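First the structure, in the form of C-alpha coordinates, and then the observations on it.
The values are calculated or read from the model by the stated rules, or taken from the named source; none is laboratory data. Remember, it's a predicted structure, so these values are computed and weren't measured experimentally. For neighbour counting, all protein chains shown are included, and Cβ atoms are generated from backbone atoms with ideal geometry for every residue, glycine included.
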Amino acid sequence: MRGAFNLFQAMMLRWRSRHPYNAVHAARVDRPLDEAHLRATLAAALEEAGLTGYTFDAARARYEWRGGPAEVVLEVVVPAGAIDEALRSTIERSLDAPFARTGSHAPIRFSAIDDGDRFWLVLAYDHVVAGGDSAVALLGALCARYLGAAPLDRLERHPARDRRLGARHPLRSVAAAAALPRLAARGKRARRAPGLEVRDGRNAFVMAEIDAATVDRIAATAERCGATRNDVLMAALIRAVAPLRPAPAAGSRRREIAVASIANIRGDCAGPAGRVFGQFLSSFRAAYADPLNAALDDVIRAVHAESRDLRAKRRYLRSLFAIGLSGLAWRVVRDDMRDSLFAKHYPAWAGLTTLAVPGLWNAMSPEAGSGPAAYRRGVSTGPLAPIVVAATFAGNALGIGVSFRPAAVAEADARAVVERFVATLRSLR
(Lines give C-alpha, C1' and ligand atoms only; values in the text may rest on other atoms or scores of the structure.)
Protein backbone atom coordinates (compact mmCIF):
# COMPACT_ATOMS: atom_id res chain seq x y z
CA MET A 1 0.00 0.00 0.00
CA ARG A 2 1.39 3.39 -0.94
CA GLY A 3 -0.45 5.76 1.38
CA ALA A 4 -1.17 5.84 5.11
CA PHE A 5 -4.16 7.55 6.67
CA ASN A 6 -3.45 10.51 8.95
CA LEU A 7 -4.75 10.78 12.52
CA PHE A 8 -8.11 12.32 11.63
CA GLN A 9 -8.70 9.76 8.90
CA ALA A 10 -7.78 6.95 11.29
CA MET A 11 -10.41 8.26 13.71
CA MET A 12 -12.97 8.21 10.90
CA LEU A 13 -11.98 4.61 10.17
CA ARG A 14 -12.97 3.76 13.73
CA TRP A 15 -16.24 5.65 13.39
CA ARG A 16 -17.15 4.04 10.06
CA SER A 17 -16.60 0.60 11.62
CA ARG A 18 -19.77 1.31 13.62
CA HIS A 19 -21.97 2.83 10.91
CA PRO A 20 -21.58 4.69 7.57
CA TYR A 21 -19.58 7.91 7.77
CA ASN A 22 -20.13 9.71 4.47
CA ALA A 23 -20.25 13.22 3.07
CA VAL A 24 -22.38 14.46 0.18
CA HIS A 25 -22.00 17.50 -2.09
CA ALA A 26 -24.51 18.59 -4.75
CA ALA A 27 -24.23 21.25 -7.45
CA ARG A 28 -26.76 22.37 -10.03
CA VAL A 29 -25.72 22.06 -13.67
CA ASP A 30 -27.60 24.42 -15.95
CA ARG A 31 -27.72 22.04 -18.92
CA PRO A 32 -30.11 19.16 -19.68
CA LEU A 33 -29.18 15.74 -18.33
CA ASP A 34 -27.67 13.34 -20.88
CA GLU A 35 -27.03 10.13 -18.91
CA ALA A 36 -24.67 8.54 -21.44
CA HIS A 37 -22.63 11.74 -21.75
CA LEU A 38 -22.53 12.13 -17.98
CA ARG A 39 -21.30 8.55 -17.44
CA ALA A 40 -18.58 9.00 -20.04
CA THR A 41 -17.57 12.34 -18.52
CA LEU A 42 -17.34 10.96 -15.00
CA ALA A 43 -15.27 7.97 -16.13
CA ALA A 44 -12.87 10.11 -18.16
CA ALA A 45 -12.42 12.73 -15.42
CA LEU A 46 -11.81 10.18 -12.65
CA GLU A 47 -9.23 8.38 -14.79
CA GLU A 48 -7.50 11.65 -15.71
CA ALA A 49 -7.31 12.73 -12.05
CA GLY A 50 -6.02 9.32 -10.93
CA LEU A 51 -9.01 8.62 -8.69
CA THR A 52 -9.57 5.01 -9.74
CA GLY A 53 -8.56 1.58 -8.51
CA TYR A 54 -9.02 2.49 -4.85
CA THR A 55 -8.22 -0.13 -2.22
CA PHE A 56 -7.51 0.12 1.48
CA ASP A 57 -6.58 -1.98 4.46
CA ALA A 58 -8.69 -0.85 7.43
CA ALA A 59 -6.66 -2.85 9.96
CA ARG A 60 -3.37 -1.23 8.91
CA ALA A 61 -4.90 2.18 8.05
CA ARG A 62 -3.24 2.18 4.63
CA TYR A 63 -4.62 2.80 1.14
CA GLU A 64 -3.76 3.13 -2.54
CA TRP A 65 -5.18 4.58 -5.74
CA ARG A 66 -3.96 1.99 -8.27
CA GLY A 67 -5.41 3.61 -11.39
CA GLY A 68 -7.03 1.80 -14.29
CA PRO A 69 -10.57 2.04 -15.69
CA ALA A 70 -13.08 3.98 -13.62
CA GLU A 71 -15.96 2.27 -11.87
CA VAL A 72 -18.78 4.80 -12.23
CA VAL A 73 -21.61 4.29 -9.75
CA LEU A 74 -24.43 6.55 -10.97
CA GLU A 75 -28.09 6.69 -9.99
CA VAL A 76 -30.48 8.75 -12.12
CA VAL A 77 -33.38 10.22 -10.15
CA VAL A 78 -36.56 11.42 -11.85
CA PRO A 79 -38.44 13.40 -9.18
CA ALA A 80 -42.08 12.59 -8.64
CA GLY A 81 -42.61 15.88 -6.81
CA ALA A 82 -40.68 18.99 -5.85
CA ILE A 83 -37.01 19.08 -6.85
CA ASP A 84 -35.96 20.30 -3.38
CA GLU A 85 -37.50 17.23 -1.74
CA ALA A 86 -35.84 14.94 -4.29
CA LEU A 87 -32.50 16.58 -3.51
CA ARG A 88 -33.02 16.37 0.24
CA SER A 89 -34.03 12.71 0.16
CA THR A 90 -31.15 11.81 -2.18
CA ILE A 91 -28.63 13.43 0.17
CA GLU A 92 -30.22 11.72 3.17
CA ARG A 93 -30.13 8.33 1.45
CA SER A 94 -26.52 8.85 0.36
CA LEU A 95 -25.43 9.65 3.90
CA ASP A 96 -26.58 6.24 5.09
CA ALA A 97 -25.45 4.06 2.17
CA PRO A 98 -22.42 2.11 3.48
CA PHE A 99 -19.14 1.72 1.64
CA ALA A 100 -17.08 -1.47 1.89
CA ARG A 101 -15.47 -2.08 5.29
CA THR A 102 -12.09 -2.82 3.66
CA GLY A 103 -10.59 -3.89 0.34
CA SER A 104 -11.18 -2.58 -3.18
CA HIS A 105 -14.24 -0.50 -4.00
CA ALA A 106 -15.38 2.78 -5.52
CA PRO A 107 -15.33 5.32 -2.65
CA ILE A 108 -17.15 7.95 -4.74
CA ARG A 109 -20.74 7.59 -5.96
CA PHE A 110 -22.95 9.85 -8.01
CA SER A 111 -26.60 10.69 -8.42
CA ALA A 112 -28.13 12.87 -11.11
CA ILE A 113 -31.49 14.47 -10.32
CA ASP A 114 -33.30 15.47 -13.52
CA ASP A 115 -34.92 18.91 -13.44
CA GLY A 116 -36.02 19.48 -17.02
CA ASP A 117 -33.54 21.77 -18.75
CA ARG A 118 -31.01 21.36 -15.90
CA PHE A 119 -30.02 18.79 -13.27
CA TRP A 120 -28.33 18.35 -9.90
CA LEU A 121 -25.11 16.36 -9.80
CA VAL A 122 -24.70 14.72 -6.39
CA LEU A 123 -21.28 13.45 -5.28
CA ALA A 124 -21.32 11.12 -2.25
CA TYR A 125 -18.04 9.85 -0.88
CA ASP A 126 -16.57 7.81 1.93
CA HIS A 127 -15.48 10.69 4.17
CA VAL A 128 -12.24 8.95 5.09
CA VAL A 129 -10.82 9.55 1.59
CA ALA A 130 -11.25 13.32 1.32
CA GLY A 131 -12.16 16.58 2.99
CA GLY A 132 -14.77 19.01 1.76
CA ASP A 133 -12.24 21.18 -0.07
CA SER A 134 -11.15 18.27 -2.27
CA ALA A 135 -14.79 17.37 -2.90
CA VAL A 136 -15.66 20.92 -4.04
CA ALA A 137 -12.67 21.04 -6.37
CA LEU A 138 -13.53 17.62 -7.83
CA LEU A 139 -17.22 18.41 -8.28
CA GLY A 140 -16.36 21.71 -9.99
CA ALA A 141 -14.03 19.89 -12.37
CA LEU A 142 -16.65 17.22 -13.14
CA CYS A 143 -19.27 19.84 -13.95
CA ALA A 144 -16.79 21.71 -16.16
CA ARG A 145 -15.87 18.50 -18.03
CA TYR A 146 -19.58 17.79 -18.64
CA LEU A 147 -19.82 21.21 -20.28
CA GLY A 148 -16.80 20.51 -22.49
CA ALA A 149 -13.77 21.68 -20.50
CA ALA A 150 -10.25 20.38 -21.14
CA PRO A 151 -9.02 17.10 -19.59
CA LEU A 152 -7.84 17.23 -15.98
CA ASP A 153 -4.33 17.02 -14.60
CA ARG A 154 -3.40 14.05 -12.45
CA LEU A 155 -3.72 14.70 -8.72
CA GLU A 156 -1.32 13.86 -5.93
CA ARG A 157 -3.18 11.27 -3.84
CA HIS A 158 -0.70 10.15 -1.16
CA PRO A 159 0.32 13.20 0.90
CA ALA A 160 2.52 13.05 4.00
CA ARG A 161 1.07 12.01 7.35
CA ASP A 162 0.58 14.20 10.43
CA ARG A 163 3.83 13.03 12.04
CA ARG A 164 5.73 15.61 9.99
CA LEU A 165 3.78 18.36 11.74
CA GLY A 166 5.43 17.43 15.02
CA ALA A 167 8.86 17.43 13.43
CA ARG A 168 8.32 20.84 11.85
CA HIS A 169 6.78 22.42 14.95
CA PRO A 170 8.46 20.77 17.96
CA LEU A 171 7.79 23.57 20.47
CA ARG A 172 4.14 23.88 19.48
CA SER A 173 3.82 20.10 19.72
CA VAL A 174 5.24 20.06 23.25
CA ALA A 175 2.86 22.87 24.23
CA ALA A 176 -0.08 20.98 22.71
CA ALA A 177 0.77 17.81 24.61
CA ALA A 178 1.14 19.78 27.85
CA ALA A 179 -2.32 21.32 27.30
CA LEU A 180 -4.13 17.97 27.09
CA PRO A 181 -4.94 17.75 30.85
CA ARG A 182 -6.50 21.22 30.71
CA LEU A 183 -8.47 20.23 27.60
CA ALA A 184 -9.79 17.16 29.41
CA ALA A 185 -10.67 19.19 32.50
CA ARG A 186 -12.63 21.70 30.44
CA GLY A 187 -14.58 18.86 28.89
CA LYS A 188 -15.86 17.94 32.34
CA ARG A 189 -17.64 21.29 32.58
CA ALA A 190 -19.90 20.56 29.61
CA ARG A 191 -23.16 18.59 29.67
CA ARG A 192 -23.09 15.50 27.48
CA ALA A 193 -25.67 14.93 24.79
CA PRO A 194 -27.73 11.80 25.50
CA GLY A 195 -28.32 8.87 23.19
CA LEU A 196 -24.93 8.64 21.49
CA GLU A 197 -24.33 5.21 23.00
CA VAL A 198 -27.25 3.85 20.94
CA ARG A 199 -25.93 1.75 18.05
CA ASP A 200 -28.50 3.14 15.60
CA GLY A 201 -26.37 5.56 13.55
CA ARG A 202 -29.05 6.34 10.94
CA ASN A 203 -29.09 9.95 9.71
CA ALA A 204 -32.01 12.18 8.84
CA PHE A 205 -31.39 15.34 6.85
CA VAL A 206 -32.99 18.77 6.45
CA MET A 207 -31.96 21.86 4.47
CA ALA A 208 -32.30 25.62 4.75
CA GLU A 209 -30.87 28.62 2.92
CA ILE A 210 -29.66 31.98 4.20
CA ASP A 211 -30.15 34.98 1.91
CA ALA A 212 -27.43 37.34 0.70
CA ALA A 213 -28.40 40.18 3.06
CA THR A 214 -28.01 37.88 6.06
CA VAL A 215 -24.68 36.61 4.74
CA ASP A 216 -23.50 40.23 4.64
CA ARG A 217 -24.64 40.73 8.24
CA ILE A 218 -22.76 37.60 9.33
CA ALA A 219 -19.58 39.11 7.88
CA ALA A 220 -20.30 42.49 9.47
CA THR A 221 -20.93 40.91 12.87
CA ALA A 222 -17.70 38.94 12.62
CA GLU A 223 -15.79 42.11 11.83
CA ARG A 224 -17.42 44.03 14.69
CA CYS A 225 -16.51 41.30 17.18
CA GLY A 226 -13.01 40.80 15.81
CA ALA A 227 -13.99 37.23 14.96
CA THR A 228 -14.55 35.01 11.92
CA ARG A 229 -17.72 33.96 10.11
CA ASN A 230 -17.24 30.47 11.53
CA ASP A 231 -17.15 31.95 15.06
CA VAL A 232 -20.49 33.66 14.41
CA LEU A 233 -22.02 30.42 13.12
CA MET A 234 -20.69 28.48 16.12
CA ALA A 235 -22.15 31.02 18.56
CA ALA A 236 -25.53 30.87 16.82
CA LEU A 237 -25.41 27.07 16.93
CA ILE A 238 -24.57 27.04 20.65
CA ARG A 239 -27.69 29.15 21.20
CA ALA A 240 -29.77 26.94 18.92
CA VAL A 241 -28.96 23.67 20.71
CA ALA A 242 -29.05 25.14 24.24
CA PRO A 243 -32.79 24.40 24.79
CA LEU A 244 -32.08 20.67 24.27
CA ARG A 245 -29.95 20.57 27.41
CA PRO A 246 -31.82 19.41 30.52
CA ALA A 247 -31.64 21.77 33.48
CA PRO A 248 -28.42 21.06 35.44
CA ALA A 249 -28.84 19.52 38.86
CA ALA A 250 -27.99 21.61 41.90
CA GLY A 251 -24.25 21.64 42.41
CA SER A 252 -23.54 20.06 39.04
CA ARG A 253 -20.28 21.11 37.43
CA ARG A 254 -21.53 20.21 33.94
CA ARG A 255 -23.30 23.46 33.11
CA GLU A 256 -21.76 24.45 29.79
CA ILE A 257 -23.14 23.58 26.39
CA ALA A 258 -20.51 22.96 23.73
CA VAL A 259 -20.26 22.79 19.96
CA ALA A 260 -17.33 21.36 18.00
CA SER A 261 -16.05 22.75 14.73
CA ILE A 262 -13.91 21.25 12.00
CA ALA A 263 -10.63 23.05 11.29
CA ASN A 264 -8.99 22.67 7.88
CA ILE A 265 -5.20 22.44 8.30
CA ARG A 266 -4.31 21.74 4.67
CA GLY A 267 -1.98 24.76 4.62
CA ASP A 268 0.27 23.04 7.15
CA CYS A 269 0.06 19.55 5.67
CA ALA A 270 -0.20 19.58 1.90
CA GLY A 271 -0.55 21.51 -1.31
CA PRO A 272 -3.75 23.17 -2.57
CA ALA A 273 -6.96 21.27 -3.27
CA GLY A 274 -6.46 21.66 -7.00
CA ARG A 275 -3.26 19.62 -6.83
CA VAL A 276 -3.51 17.31 -3.77
CA PHE A 277 -6.52 15.08 -3.09
CA GLY A 278 -7.11 14.05 0.51
CA GLN A 279 -8.29 15.06 3.93
CA PHE A 280 -6.40 17.43 6.25
CA LEU A 281 -8.57 18.17 9.26
CA SER A 282 -8.51 18.84 12.96
CA SER A 283 -11.14 20.29 15.28
CA PHE A 284 -11.76 22.53 18.25
CA ARG A 285 -14.57 22.91 20.75
CA ALA A 286 -16.19 26.01 22.27
CA ALA A 287 -18.66 26.13 25.17
CA TYR A 288 -20.83 28.63 27.03
CA ALA A 289 -22.70 28.13 30.29
CA ASP A 290 -25.84 30.21 29.66
CA PRO A 291 -25.96 31.29 25.99
CA LEU A 292 -29.68 32.05 25.98
CA ASN A 293 -29.32 34.78 28.62
CA ALA A 294 -26.14 36.30 27.20
CA ALA A 295 -25.63 38.81 24.43
CA LEU A 296 -24.78 37.04 21.19
CA ASP A 297 -21.66 39.19 20.82
CA ASP A 298 -20.41 37.82 24.14
CA VAL A 299 -20.91 34.25 22.96
CA ILE A 300 -19.12 35.06 19.69
CA ARG A 301 -16.14 36.52 21.57
CA ALA A 302 -16.00 33.44 23.81
CA VAL A 303 -15.93 31.21 20.73
CA HIS A 304 -13.23 33.37 19.16
CA ALA A 305 -11.12 33.02 22.29
CA GLU A 306 -10.98 29.30 21.47
CA SER A 307 -10.40 29.67 17.73
CA ARG A 308 -8.07 32.69 17.70
CA ASP A 309 -4.77 30.83 17.99
CA LEU A 310 -5.94 27.69 16.21
CA ARG A 311 -3.68 28.20 13.20
CA ALA A 312 -1.35 31.03 14.24
CA LYS A 313 -0.10 29.00 17.21
CA ARG A 314 -1.20 25.63 15.84
CA ARG A 315 -3.54 24.91 18.72
CA TYR A 316 -5.19 22.31 16.49
CA LEU A 317 -2.32 20.01 17.51
CA ARG A 318 -4.12 19.50 20.84
CA SER A 319 -7.01 17.82 19.08
CA LEU A 320 -4.69 15.70 16.97
CA PHE A 321 -2.86 14.49 20.08
CA ALA A 322 -6.22 13.74 21.71
CA ILE A 323 -7.30 11.81 18.61
CA GLY A 324 -4.11 9.76 18.83
CA LEU A 325 -4.85 8.93 22.46
CA SER A 326 -8.44 8.04 21.58
CA GLY A 327 -7.06 5.47 19.15
CA LEU A 328 -5.17 3.78 21.98
CA ALA A 329 -8.25 3.89 24.23
CA TRP A 330 -10.40 2.42 21.43
CA ARG A 331 -8.30 -0.75 21.51
CA VAL A 332 -8.81 -1.43 25.21
CA VAL A 333 -12.39 -0.32 26.00
CA ARG A 334 -15.25 -2.79 25.71
CA ASP A 335 -17.20 -2.80 22.46
CA ASP A 336 -20.35 -1.50 24.16
CA MET A 337 -18.42 1.52 25.48
CA ARG A 338 -16.90 2.65 22.19
CA ASP A 339 -19.92 4.63 21.04
CA SER A 340 -19.86 6.83 24.14
CA LEU A 341 -16.06 7.23 24.32
CA PHE A 342 -15.92 10.52 22.43
CA ALA A 343 -19.03 12.02 24.00
CA LYS A 344 -17.59 11.38 27.45
CA HIS A 345 -14.23 13.06 26.92
CA TYR A 346 -15.06 15.63 24.21
CA PRO A 347 -18.73 16.49 24.85
CA ALA A 348 -20.54 18.43 22.12
CA TRP A 349 -24.21 18.81 21.30
CA ALA A 350 -23.53 19.62 17.66
CA GLY A 351 -20.75 19.74 15.11
CA LEU A 352 -20.17 22.49 12.56
CA THR A 353 -18.32 22.22 9.27
CA THR A 354 -18.01 25.48 7.32
CA LEU A 355 -16.87 25.61 3.71
CA ALA A 356 -16.54 28.43 1.16
CA VAL A 357 -17.02 27.27 -2.44
CA PRO A 358 -15.41 30.32 -4.13
CA GLY A 359 -11.72 29.67 -4.69
CA LEU A 360 -12.20 25.90 -4.59
CA TRP A 361 -14.74 25.37 -7.36
CA ASN A 362 -12.27 26.06 -10.18
CA ALA A 363 -9.16 24.75 -8.37
CA MET A 364 -8.85 21.67 -10.61
CA SER A 365 -10.38 23.16 -13.75
CA PRO A 366 -10.10 26.93 -14.38
CA GLU A 367 -12.87 26.55 -16.96
CA ALA A 368 -15.33 25.79 -14.15
CA GLY A 369 -15.76 29.51 -13.51
CA SER A 370 -16.27 31.22 -10.17
CA GLY A 371 -18.92 28.87 -8.80
CA PRO A 372 -22.08 26.86 -9.42
CA ALA A 373 -25.57 28.27 -9.70
CA ALA A 374 -26.56 26.47 -6.48
CA TYR A 375 -24.84 24.17 -3.98
CA ARG A 376 -25.91 21.87 -1.14
CA ARG A 377 -23.93 19.70 1.27
CA GLY A 378 -24.43 17.21 4.11
CA VAL A 379 -22.12 15.27 6.45
CA SER A 380 -22.87 12.19 8.55
CA THR A 381 -23.20 12.46 12.29
CA GLY A 382 -21.02 10.21 14.41
CA PRO A 383 -20.34 9.23 18.02
CA LEU A 384 -19.15 12.77 18.81
CA ALA A 385 -22.38 14.77 18.29
CA PRO A 386 -26.00 13.92 17.43
CA ILE A 387 -26.36 16.94 15.09
CA VAL A 388 -23.99 18.14 12.36
CA VAL A 389 -24.48 21.43 10.52
CA ALA A 390 -22.80 21.79 7.12
CA ALA A 391 -22.64 25.51 6.33
CA THR A 392 -21.64 26.26 2.75
CA PHE A 393 -20.95 29.75 1.40
CA ALA A 394 -21.66 29.67 -2.35
CA GLY A 395 -22.23 32.78 -4.42
CA ASN A 396 -24.22 35.27 -2.36
CA ALA A 397 -26.01 32.64 -0.29
CA LEU A 398 -25.29 30.33 2.63
CA GLY A 399 -26.61 26.80 2.30
CA ILE A 400 -27.40 24.95 5.52
CA GLY A 401 -27.51 21.15 5.52
CA VAL A 402 -28.31 19.58 8.89
CA SER A 403 -27.96 15.87 9.58
CA PHE A 404 -29.15 14.40 12.86
CA ARG A 405 -29.54 11.02 14.50
CA PRO A 406 -33.23 10.26 15.16
CA ALA A 407 -32.15 7.69 17.75
CA ALA A 408 -30.68 10.53 19.84
CA VAL A 409 -32.67 13.63 18.80
CA ALA A 410 -36.36 13.69 17.94
CA GLU A 411 -37.17 15.13 14.52
CA ALA A 412 -39.25 17.93 16.04
CA ASP A 413 -36.32 18.94 18.25
CA ALA A 414 -33.87 18.84 15.34
CA ARG A 415 -36.12 21.00 13.19
CA ALA A 416 -36.50 23.43 16.08
CA VAL A 417 -32.69 23.68 16.30
CA VAL A 418 -32.55 24.55 12.59
CA GLU A 419 -35.28 27.18 13.00
CA ARG A 420 -33.53 28.78 15.97
CA PHE A 421 -30.18 28.73 14.19
CA VAL A 422 -31.57 30.40 11.07
CA ALA A 423 -33.60 32.90 13.14
CA THR A 424 -30.52 33.92 15.12
CA LEU A 425 -28.56 34.58 11.95
CA ARG A 426 -31.41 36.53 10.37
CA SER A 427 -31.72 38.69 13.48
CA LEU A 428 -28.11 39.93 13.21
CA ARG A 429 -27.68 43.67 12.83
Filtered residues of the range 110-132 (kept if within 17 Å of the chain's Cα centre (by Cα) and not in a loop (DSSP other than H, G, I, E, B)): Val122, Leu123, Ala124, Tyr125, Asp126, His127, Val128, Val129, Gly132
Every pair of residues 6+ apart whose Cβ atoms lie under 7 Å, when the first sits in the range 104-121 and is closer than 19 Å to Gly278 by Cβ while the second is crowded, with 19+ Cβ neighbours inside 10 Å and among the charged types (D, E, K, R): Pro107/Asp126
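Is it true that some residue in the range 90-102 is without any contact (Cβ under 8 Å) to a residue 60 or more places away in the chain and more than 24 Å from Tyr375 (Cα to Cα)?
Looking only at the range 90-102, we keep the residues that are without any contact (Cβ under 8 Å) to a residue 60 or more places away in the chain, and these are 93, 100, 102.
Okay, now just the ones that are also more than 24 Å from Tyr375 (Cα to Cα), so 100, 102.
Yes, some residue in the range 90-102 is without any contact (Cβ under 8 Å) to a residue 60 or more places away in the chain and more than 24 Å from Tyr375 (Cα to Cα).
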Near pairs, Cβ below 7 angstrom, 6+ apart or cross-chain, from the range 36-56 (charged (D, E, K, R) and assigned to a helix (DSSP H, G or I)) to any residue that is modelled with pLDDT of 95 or more and surrounded by 22 or more Cβ atoms within 10 Å (Cβ to Cβ): Glu48/Leu152
Test: Ala193 is in contact (Cβ under 8 Å) with a residue 12 or more places away in the chain and touching a helix residue (DSSP H, G or I) at 6+ places or on another chain (Cβ under 9 Å): yes
Residue list for the range 287-306, filter: modelled with pLDDT under 95 and either small (Gly, Ala, Ser) or touching a His at 6+ places or on another chain (Cβ under 9 Å) (or both): Ala287, Ala289, Ala305
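Among the residues of the range 60-82, which ones are hydrophobic (A, V, I, L, M, F, W, C) and either in a strand (DSSP E or B) or more than 24 Å from the chain's Cα centre (by Cα) (or both)?
Trp65, Ala70, Leu74, Val76, Val77, Val78, Ala80, Ala82
Scan Pro151, Pro159 and give me the residue that is over 30 Å from Glu85 (Cα atoms), surrounded by 16 or more Cβ atoms within 10 Å (Cβ to Cβ) and either outside the structural domain of Asp34 (by TED's automatic domain parsing) or touching a helix residue (DSSP H, G or I) at 6+ places or on another chain (Cβ under 7 Å) (or both). Full working, then the answer.
On the way: Pro151 fails: surrounded by 16 or more Cβ atoms within 10 Å (Cβ to Cβ).
None of the others qualify; the one that does is Pro159.
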From Ile323, Ile300, residue being over 26 Å from Pro181 (Cβ atoms) and not polar (S, T, N, Q): Ile300
Residues that are part of a helix (DSSP H, G or I) and closer than 18 Å to Tyr63 by Cα, drawn from the range 136-163: Arg163
